[in-house]
Amino acid sequence: MAGFKFRKFKKSLVLIFVLTFFIACEQEEVNTAFKESEKKFTWRMVTTWPKNYPGVGLAAENISKLVNKMSAGRLQIKVYGSGELVPALEVFDAVSRGTVEIGHGASYYWIGKAPSAQFFTALPFGLNAQEMNAWLHYGGGLELWEEAYDKFNLIPLAGGNTGVQMAGWFNKEINSLEDIKGTRMRIPGLAGKVWTEAGGEAVLMPGSEIFTNLQTGVIDAAEWIGPYNDQTFGLHQAAKYYYYPGWHEPGPTLEVIINKEAFASLPSDLQEIVRTASRAVNQDMLDEYTARNNQALETLVNTHGVILKRLPEDVLKKFKEITSKLLEELIVEDPLSKRIFESQENFKKNVSEYHKISEKAVYEMRELN
Ligand code: CA
């Protein structure tokens, strides 16, 4: 009887020990998860825009603010304007090397490093903002972008869209292809190559340098964004002719680039917060430009006497022809560019069919008297 009691007592002891052990383990897991959720991260974001610049620059600030709020301060991102930490055109390398964790800019600044980067900002005569967003998020575009940036140790996300841009500011009239000859223009990416092929001379420089170079005659023309942003740079004080349509950038996407190791070091909820904040700002920026562009254009024309002009039909046709030729060359040289180009082209054809009887038909319908 006594032996039975002792065995029962021993059994209870073992049970208590085992239970205590499991409770301790569970507590340890809870502690680890708690510590993980309490861990704070401080990131630095370098950008290709001047500090606090309206629109594009504030998009970077807005991502930072949103991430901070959504994560209750667990991930803080300090934003640096161009030249504060690194020059505008070194943003890509700084994030790629891991000097900083995150960057904000435009992918077509990097076509010298990755030719396919062109497709993720805008293609001349290509997708508009609505179509770019649809291609990136529902048409396989983002996956192709991830593939293109993989070897640079970068994760890309869409981080803003300006909508259709303006063709740019000119110090002389463009009445024919002859007028392009010898014209030095600030125009990045593939469109710059088109400009050069058409007889002009393309120059790449960050936005902050446009005004001085245009005013002093270092360049004869410059494209930047559209009325809202161009007005803030005072470009109307440096050139009087303002041309449309934005053949070169029908719906340019801005990019968020994240160093892969930095991203991997975040817990999954913070990773999702970075993705969600970028996606929200991507759309928010388009909303802001849609709301502000026409108001700014009215001020430019009515108050500042800017002369608004349309590029001649034959000039646009020539640009289109050269674009097709250069794209053919690009996709022969670079297999990844070929896949991206085909994906985008197929998407454009597909979407355009419906947009003919929806978006386009609605625009036409609204013109009826
Ligand atoms: Ca532009």
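Of the residues making up region 246-268, those that are of a type in the set (Ser, Thr, Tyr) and away from the ligand (no atom under 12 Å from the Cβ) are SER265, SER268. Restricting region 134-169 to residues that are of a type in the set (S, T, N, Q) and touching a helix residue (DSSP H, G or I) at 6+ places or on another chain (Cβ under 7 Å) leaves a set whose member that is farthest from the ligand (Cβ to nearest atom) is ASN153.
Within region 193-215, the set of residues being within 21 Å of VAL56 (Cα to Cα) and among the small types (Gly, Ala, Ser) comprises GLY207, SER208. Meeting the requirement of 3 or more residues that are modelled with pLDDT under 90, the helices (runs of 4 or more DSSP H) wholly within region 1-108 are 2-38. All but one of (1) within 28 Å of ARG292 (Cα to Cα); (2) crowded, with 20+ Cβ neighbours inside 10 Å; (3) away from the ligand (no atom under 16 Å from the Cβ) hold for ALA129; which doesn't? So ALA129 meets the others, but not (3). Checked against (1) among the basic types (Lys, Arg); (2) under 25 Å from the mean Cα position of the chain (by Cα); (3) away from the ligand (no atom under 16 Å from the Cβ), LYS172 passes all but condition (2).
For region 221-249, a tally of residues being surrounded by fewer than 19 Cβ atoms within 10 Å (Cβ to Cβ) and of a type outside the set (S, T, N, Q) returns 5.
The residues on offer are MET70, MET45, and the sole one that is closer than 19 Å to ILE273 by Cα and within 18 Å of the chain's Cα centre (by Cα) is MET45. Flag: MET166 does not match the condition of being without any contact (Cβ under 8 Å) to a residue 60 or more places away in the chain, farther than 17 Å from GLN118 by Cβ and not acidic (Asp, Glu).
Exactly one residue out of TYR228, TYR243 is within 14 Å of the ligand (Cβ to nearest atom) and assigned to a strand (DSSP E or B): that is TYR243.
Residues that are among the aliphatic types (A, V, I, L, M) and not in a helix (DSSP H, G or I) were ranked within region 190-211; the one that is farthest from the ligand (Cβ to nearest atom) is ALA198.
Listed conditions (1) of a type outside the set (Val, Ile, Thr); (2) over 24 Å from the mean Cα position of the chain (by Cα); (3) within 15 Å of the ligand (Cβ to nearest atom); (4) part of a loop (DSSP other than H, G, I, E, B) are all met by LEU214, apart from (4).
How about region 180-189: which of its residues are near the ligand (Cβ under 10 Å from one of its atoms) and of a type outside the set (A, V, I, L, M, F, W, C)? ARG186, PRO188, GLY189 - these are the residues of region 180-189 that are near the ligand (Cβ under 10 Å from one of its atoms) and of a type outside the set (A, V, I, L, M, F, W, C).
The values are calculated or read from the model by the stated rules, or taken from the named source; none is laboratory data. These figures come from a predicted structure and were not determined experimentally. Note: ideal-geometry Cβ built from the backbone for every residue, glycine included; neighbour counts use all protein chains shown.
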